[in-house]
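Heads up, the thing below is written out as structure tokens.
Nothing in this text is a laboratory measurement; each read-out follows from the coordinates by a stated rule. Not measured: the values here are computed from a predicted model. Here the Cβ positions follow ideal geometry from the backbone for every residue, glycine too, while neighbour counts run over all protein chains shown.
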Amino acid sequence: MKNYLFLLIAFSLSSNTYSQILFENGYYVDNSGKKNNCFIKNVDWRNNPTQFEYKLSLKNNGKVHKGNIETVKEFGITNVSKYVRAKVKIDRSSENVNKLSSDRKPIFEEELLFLKVLVGGTANLYQYEDKNLKRYFYNKTTTPIQQLIYKSFLTENDKVGKNNRFKNQLWNDLNCAKLNIKMVEKLAYKKNDLIYYFSKYNECTNTNYVNFEKKQSRDLFHLNIRPGVNLSNLLIDNSLSKNNTNFESNLTFRVGIEAEFIMPFNKNKWALIIEPTYQYFKSEAESAFGNTTVNYNSIEIPIGIRHYFFLNDNSKIFINSSFVFDINNSSNIDFDTIESLEINTRNNFAVGLGYKYNNKYSVELRYQTPRNVLGDYIFWNSEYRTFSVIFGYSIL
């Protein structure tokens with residue numbers, strides 16, 4: 001069964017058909033300034049792209065073309081996102097405390113980038129993201145694009161200082177009667193704060209502006225009830241007596257509740273999961289120490305990552321990989337002729353393959369790697385194995 005599950009997971013990972021990444025209505029502007037309507041592959045970029053794929057027609061599945069930063073001045077997906085090409089000076093100084101310099105001034109390098117438009121109007125706000133680096137840029141209709149300056153640095157006392165030059169830039173360049181200095185002083189170098197300020201400025205100047213972030217509403221949290229059944233078995237052995245006891249497979253119930261946090265990029269295909277679950281295992285067997293019984297119950301807490309492969313708007317397949325913390329509750333193994341062993345478990349890993357329908361109902365097959373349940377004993381070894389069928393119902 002284990003090999004079969006791994007085969008299914010490998011097949012899912014290698015399949016290109018399971019995806020909600022679609023070609024959507026959009027456009028691009030070439031170097032001549034011509035606007036070309038097309039269908040752009042919306043991969044919901046987390047990092048700013050340097051190229052993109054598009055089709056001129058969806059008929060007969062259409063031929064896929066590529067646009068890149070050398071040939072395209074601007075591209076966008078209707079009512080979703082917009083990127084503009086710009087040659088800008090960018091400071092890539094690290095915000096990692098261990099890599100800070102003592103220079104409070106930004107270190108600029110000129111680069112050609114696709115900037116994501118967050119707010120478009122008389123005053124425009126742009127974002128550039130590359131892994132852990134986030135920088136924001138701005139301009140007005142008739143001015144060049146420049147970076148909003150923010151930099152962490154080490155002071156003479158080896159404390160972390162902040163260069164908040166961006167607040168002066170905003171107050172000097174985007175001042176309006178309905179805005180005041182206190183609003184600027186409270187701003188953090190964060191997307192939502194800056195979007196709020198640029199929106200207020202455009203409203204103050206009676207500008208018809210576009211907030212691209214407001215158009216995207218996402219369902220980023222799910223709470224799921226997760227009942228199911230476990231097929232478990234336990235093998236224990238004593239290295240001194242070289243005797244082992246095999247508690248054969250036992251079918252038991254399990255129940256959990258799962259919190260799922262959808263990551264806000266890549267078209268909702270990645271999620272973080274945590275699933276506190278009650279499980280138990282009771283069995284008996286004959287051993288060299290007489291009749292032997294095991295009574296094991298615990299709270300498992302798998303914490304991991306999930307990836308979705310979309311079949312259509314209502315159906316999707318997913319795979320999980322989790323690290324499982326196990327908290328046992330007064331569990332033990334009893335023998336006829338020797339002292340009982342207290343169960344004290346070690347943590348293990350789990351992988352799963354599942355199907356979800358209409359973001360409401362799900363079923364999952366899950367395999368856990370062998371778990372040591374006698375971790376406090378030197379001369380006892382154990383392997384607790386579990387294969388689960390888990391049903392899910394989303395209540396949020």
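Just a few scattered comments:
- Here, P(r) means the percent of Cα pairs in each 5 Å bin from 0 to the largest distance; for the range 70-218 it is 2, 9, 18, 21, 20, 15, 10, 5, 2, 0, 0.
- Whole-Å semi-axes of the range 169-291's equivalent ellipsoid (Cα gyration tensor): 63, 16, 11
- Over the range 219-374, the Kirkwood radius and the radius of gyration, each from Cα atoms, give a ratio Rg/Rh of 1.08.
- Note that the range 67-72 has calculated 3J(HN,Hα) couplings of x, 9, 5, 7, 10, 10 Hz, one per residue in order, obtained from phi through the Karplus relation 6.51 cos²θ - 1.76 cosθ + 1.60 (θ = phi - 60°); glycine and proline are x.
- The overall shape of the range 15-135, judged from the alpha-carbon gyration tensor, is prolate: a/c is not under 1.5, and a/b is greater than b/c.
- Where labels lie 7 Å past Cα in the beta-carbon direction, separation of Lys59 and Ile274 in nm: 5.3
- Entries of Lys82/Lys162; Lys55/Lys140; Lys73/Lys140 with Cα pairs more than 25 Å apart: Lys82/Lys162; Lys55/Lys140
- Under-5 Å amide H pairs with Arg46, H placed in peptide plane, nonlocal only: Asn266
- Between the range 121-159 and the range 73-107, the alpha-carbon centres lie 6 Å apart.
- Nitroxide proxy distance, nm - points 7 Å out along Cα→Cβ at Asn250 and Glu185: 6.7
- Segment Phe221-Glu156, length gained on full extension (0.36 nm per residue, minus Cα span): 19.0 nm
- Using 0.36 nm per residue and subtracting the Cα-Cα separation, the extra length available between Ser321 and Glu111 on full extension is 71.8 nm.
- Per residue, the chain reaches -3000 deg cm²/dmol at 222 nm when only DSSP H runs of four or more residues are counted, each adding -39500 (n - 2.57).
- Projecting the Cα atoms of Asn157, Cys176, Thr143 onto the dipole axis of the range 121-192, where Lys and Arg carry +1 and Asp and Glu carry -1 at the beta carbon, places Cys176 farthest toward the positive end.
- Whole-Hz Karplus values for the range 240-254 come out as 7, 8, 6, 10, 10, 10, 10, 8, 5, 3, 9, 8, 10, 8, 9 Hz, taken residue by residue from phi with 6.51 cos²θ - 1.76 cosθ + 1.60 and θ = phi - 60°; glycine and proline positions read x.
- Rounded to the nearest 20, the size of the Cβ-charge dipole of the range 223-326 about its Cα centre is 380 debye, with Lys and Arg at +1 and Asp and Glu at -1.
- About its Cα centre, the dipole of the chain is roughly 2620 debye, where the only charges are +1 on Lys and Arg Cβ and -1 on Asp and Glu Cβ.
- Computed P(r) (all Cα pairs; the range 286-396; 10 Å bins; percent): 13, 35, 25, 16, 9, 2, 0
- Around the amide H of Gly161, modelled in the peptide plane, lie the amide H atoms of Phe153, Leu154, Thr155, all under 5 Å away and 5 or more residues distant in sequence or on another chain.
- Unsatisfied cross-links (Cα-Cα over 25 Å) in the set Lys131/Lys360; Lys131/Lys178; Lys89/Lys190: Lys131/Lys360; Lys131/Lys178
- Rg/Rh for the chain, where both radii come from Cα atoms and Rh is the Kirkwood radius: 1.12
- Cysteines in the chain that lack a partner Cβ within the 4.7 Å cut-off: Cys38.
- Over all Cα atoms in the range 260-338, the spread is summed up by Rg and Dmax: 19.8, 61 Å.
- Positive-end residue of Asn192, Tyr357, Tyr28, charge dipole of the chain with Cβ unit charges: Tyr28
- Loop sites in the range 58-88: trypsin sites (Lys or Arg not before Pro), DSSP, at most 12 other Cβ within 10 Å: Lys63
- Karplus 3J(HN,Hα) series, Hz, for the range 354-366 with 6.51 cos²θ - 1.76 cosθ + 1.60 (x for Gly, Pro): x, 9, 10, 10, 6, 6, 10, 10, 8, 9, 9, 9, 9
- Between the residues Asn244, Leu223, Leu234, the greatest Cα displacement towards the positive end of the dipole of the range 135-246, with unit charges on the Cβ of Lys, Arg, Asp and Glu, is found for Leu223.
- Candidates per GluC sites (Glu not before Pro) in the range 322-396, loop by DSSP, up to 14 other Cβ within 10 Å: Glu339
- When both the range 183-212 and the range 283-319 are represented by their alpha-carbon centers, they are found 49 Å apart.
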